[in-house]
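Structure, as structure tokens:
The values are calculated or read from the model by the stated rules, or taken from the named source; none is laboratory data. This one's a predicted model, so the numbers in the text were calculated from it and none came from an experiment. Neighbour counts run over all protein chains shown; Cβ positions are idealised from the backbone, glycine included. When the accessible area is computed, the model is the full protein with side chains, heavy atoms only, and any ligands, DNA or RNA have been set aside. Shrake-Rupley method; radii C 1.70, N 1.55, O 1.52, S 1.80 Å.
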Amino acid sequence: MYQAIVFLPLAGFLIAGLFGRFIGPRPSELITTSLLFVAAALAWVTFVGFLSGQSPSSIDLLTSWFNSGSLHVEWALRVDTLTAVMLVVVTTVSALVHLYSIGYMHEDPSRPRFFAYLSLFTFAMLMLVTADNLVQMFFGWEGVGLASYLLIGFWYQKPSANAAAIKAFVVNRVGDFGFTLGIFLVFVLTNSVTFDPIFAAAPGLAHKTIHVFGGDFNAMTITCLLLFMGAMGKSAQFLLHTWLPDAMEGPTPVSALIHAATMVTAGVFMVARLSPLFEQSPDALAFVTFIGGTTAFFAATVGLVQNDIKRVIAYSTCSQLGYMFVGLGVGGYSLGIFHLFTHAFFKALLFLGAGSVIMAMHHEQDMRKMGGLARKIPVTFVMMLVGTLALTGFPLTAGYFSKDAIIEASYAGHGWTATYAFILVTVAAGLTSFYSWRLVFMTFFGPAHWQAAHADHADGHAHDAHGDHAHALDPHESPLVVLIPLYVLAFGALVAGLVFKHFFIGADADAFWKSSLFYGPANHILEAMEHVPPLVSLFPTLMMTAGFFVALYFYILAPGTAQKWADALPGLYRFLLNKWYFDELYDRIFVRPAFWLGNLFWKGGDENIIDRLGPDGVAARVVDVTKSVVRLQSGYLYHYAFAMLIGVAALITYYLVGSLR
């Protein structure tokens, strides 16, 4: 059964990728989607089994992948509680995205290629979460990177899509460099890359030092920081976050699959999987907490002023990933995974709901050109409302249980980084509520701006690479094939937290997680968070309420207030609108010097020195000599006679001078 979950998406990729041109778009859609739904059903069976107390297992796929000296790498599937949770998240969201894409991409001529890429991504992600060793995990890690590059740049005719795909690929390579070094160091310290031997050796490495960077440092701290560097890239954490908003250039289903529930959570999964290592390094966990809190606040501030509906949700994803890392950093590994689980439902719902809005708006994404859509697309409006309630942490929704628990845990955590994170994630809760309701109010309420927007797009511009003329003028509700995934995700966004809380972080957590997550003897964060002051538990709800009323005043009760604030604080507004100028800063620090250095070696080194003195120089001198010789071939007899006389004179002179010696 486990093999089927992993390899059914691979079969879909091969069928659609190799034979899509022959069998056509519709069979490609149906085959890949059907295989994903089968995999999702099997994943839920596995998950329910672990809810009932099933024991972890390992399934060998090959007796040996490769051996090199003392390095032995097996190809096996590790199936435990953490794997089961990720299997459910990946396959459920992927299956619903496949179904949704049948409606969303129905006008695209390259549907077989698109569905093949979706299935390839799903296979790579499943290989990552079922890995039994670090090398196999790295295989899936790089596989999702490749698939995301292909999906982000799916509309390769658009320069912006190509640039976004390349940016995502390059930024992730920065993080992957650290991840690779971390894997190397783990092997140096434990002489293994397989998880069980690594975890068994971890307690003995707690105080081991390693000589690096000219000094002696704690080996586990350096190892965990390098591994976390990979998580920072893949999960778009502060400093390595710049690729995530640009990735919205891909089709909206890609945004839901990759940037809401799967690829960006790979870093969270990796830290949770390697919890036995991180438990040995309080300094590394403190750094994880610091980066998570900073990311949650930073992304929330940028989301306040974005006007592209998908970019608002993208920065929300970035912020929520910060929450997950705060949960991991304070030692609450199950807290981070619980928020990963609930976040998958409501964030995929928001992305797919945004796609339904974009379809209704003839592929317009600017919220300033929307408004008044609640009466035109009421089902999409209700679905987006459910997603917004869950994201902002409305009581009894999924986000309420997982996000609020992380805020409480950060208060109960130890060290200044936990206090720092508590302040930032609490403030971010209010900012999240504001920009979420801002999106709802700008899109679904107020005067309708979509008539003018449609007039602009009907001239031939198609923002999302679809034609506009195939639709009616007025916004319209999406077809059932698009709405069904929204219904399913909305149900999960409402009940996932309530139903599964006691398994993830409640009374049954110890029995549920068993040996999947490791908590050291001094780690009592799940117990400590239950004893925080009542006011701390109320903070998230108070911030959510405050954010709602501020957004209500700015965009419904007193329209134009937001613009007045932007005019009154132009510097701050531009700072947030330009995303803290990270792209400009990186362009000046890294991109321009890299191009300058490349041009120096190319123009100065290769062309001016190597080629000029080497092949090109020799060839040029040969050409010069031959041009001079060619001039002698004039065709006139007296020229040849003159040349012969000169030759004879030269010979006679040579012999005469030689005889005098």
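What number of residues within region 360-384 are open to solvent by less than 50 Å² (accessible area, probe 1.4 Å) and in a helix (DSSP H, G or I)?
Kept after step one, since they are open to solvent by less than 50 Å² (accessible area, probe 1.4 Å), are these residues of region 360-384: 360-367, 370-374, 377, 379-381, 383-384.
Now narrow it down to the ones that are in a helix (DSSP H, G or I): 360, 367, 379-381, 383-384.
Looking only at that region, the number is 7.
Looking at region 124-167, which of the residues that are of a type in the set (D, E, K, R) and part of a helix (DSSP H, G or I) is surrounded by the most Cβ atoms within 10 Å (Cβ to Cβ)? Show your work before the answer.
Going through region 124-167, the residues of a type in the set (D, E, K, R) turn out to be 132, 142, 158, 167.
Filter again for part of a helix (DSSP H, G or I), leaving 142, 167.
Details: E142: 17, K167: 20.
The qualifying residue surrounded by the most Cβ atoms within 10 Å (Cβ to Cβ) is K167.
Conditions tested, residue by residue: (1) hydroxyl-bearing (S, T, Y); (2) open to solvent by less than 20 Å² (accessible area, probe 1.4 Å); (3) modelled with pLDDT of 95 or more; (4) not in a strand (DSSP E or B).
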| site | (1), (2), (3), (4) |
| --- | --- |
| F7 | no, no, no, yes |
| G17 | no, no, no, yes |
| G20 | no, yes, no, yes |
| L30 | no, no, no, yes |
| V48 | no, no, no, yes |
| G53 | no, no, no, yes |
| S58 | yes, no, no, no |
| L61 | no, no, no, no |
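For H502, all conditions in the list (1) touching a helix residue (DSSP H, G or I) at 6+ places or on another chain (Cβ under 8 Å); (2) under 21 Å from Q320 (Cα atoms) hold save one; what is the number of the exception?
(2)
Are any residues in region 546-584 under 28 Å from the mean Cα position of the chain (by Cα) and either open to solvent by less than 80 Å² (accessible area, probe 1.4 Å) or under 14 Å from M442 (Cβ atoms) (or both), and if so, which ones?
Initial filter on region 546-584 (under 28 Å from the mean Cα position of the chain (by Cα)): 547, 572-584.
Correct list: G547, Y573, F575, L576, L577, N578, K579, W580, F582, D583.
Does D246 count as open to solvent by 10 Å² or more (accessible area, probe 1.4 Å), farther than 26 Å from N578 by Cβ and touching a residue at least 60 places away in the same chain (Cβ under 8 Å)? Working first, answer last.
On the way: open to solvent by 10 Å² or more (accessible area, probe 1.4 Å): yes; farther than 26 Å from N578 by Cβ: no; touching a residue at least 60 places away in the same chain (Cβ under 8 Å): yes.
So D246 does not fit the description; no.
For residues that are open to solvent by 10 Å² or more (accessible area, probe 1.4 Å) and aromatic (F, W, Y), scanning just region 168-187, find the one that is nearest to the chain's Cα centre (by Cα). Please lay out each step first, then the result.
To start, the set of residues in region 168-187 that are open to solvent by 10 Å² or more (accessible area, probe 1.4 Å) comprises 169-171, 173-174, 177, 180-181, 183-185, 187.
Next, only the ones that are aromatic (F, W, Y) stay: 169, 177, 184, 187.
Working: F169: 10, F177: 16, F184: 24, F187: 27 Å.
Once the filter is applied, the top-ranked residue is F169.
Which of (1) out of contact with any Lys or Arg (no Cβ under 6 Å at 6 or more places or on another chain); (2) farther than 24 Å from F287 by Cβ; (3) open to solvent by 10 Å² or more (accessible area, probe 1.4 Å); (4) in a helix (DSSP H, G or I) does V305 not meet, given it meets every other one?
The number of the failed condition is (4).
Hand me the list of helices (runs of 4 or more DSSP H) wholly inside region 521-620 holding 3 or more residues that are not aliphatic (A, V, I, L, M).
Values: elements: 525-528, 534-552, 561-568, 570-577, 582-586, 592-599.
The qualifying helices (runs of 4 or more DSSP H) are 534-552, 561-568, 570-577, 582-586, 592-599.
Counting only residues that are in contact with a Cys (Cβ under 7 Å, 6 or more places away or on another chain) and polar (S, T, N, Q), which one in region 266-295 is surrounded by the fewest Cβ atoms within 10 Å (Cβ to Cβ)? Reasoning before the result, please.
Restricting attention to region 266-295, the residues satisfying the condition of being in contact with a Cys (Cβ under 7 Å, 6 or more places away or on another chain) are 277-278, 281, 284, 295.
Next cut, polar (S, T, N, Q) only: 281, 295.
Working: S281: 23, T295: 30.
The selected residue is S281.
From (1) under 28 Å from T252 (Cβ atoms); (2) more than 26 Å from the chain's Cα centre (by Cα); (3) at pLDDT 85 or above; (4) in a helix (DSSP H, G or I), pick out the condition that doesn't hold for V488.
Unmet for V488, out of (1) under 28 Å from T252 (Cβ atoms); (2) more than 26 Å from the chain's Cα centre (by Cα); (3) at pLDDT 85 or above; (4) in a helix (DSSP H, G or I): (2).
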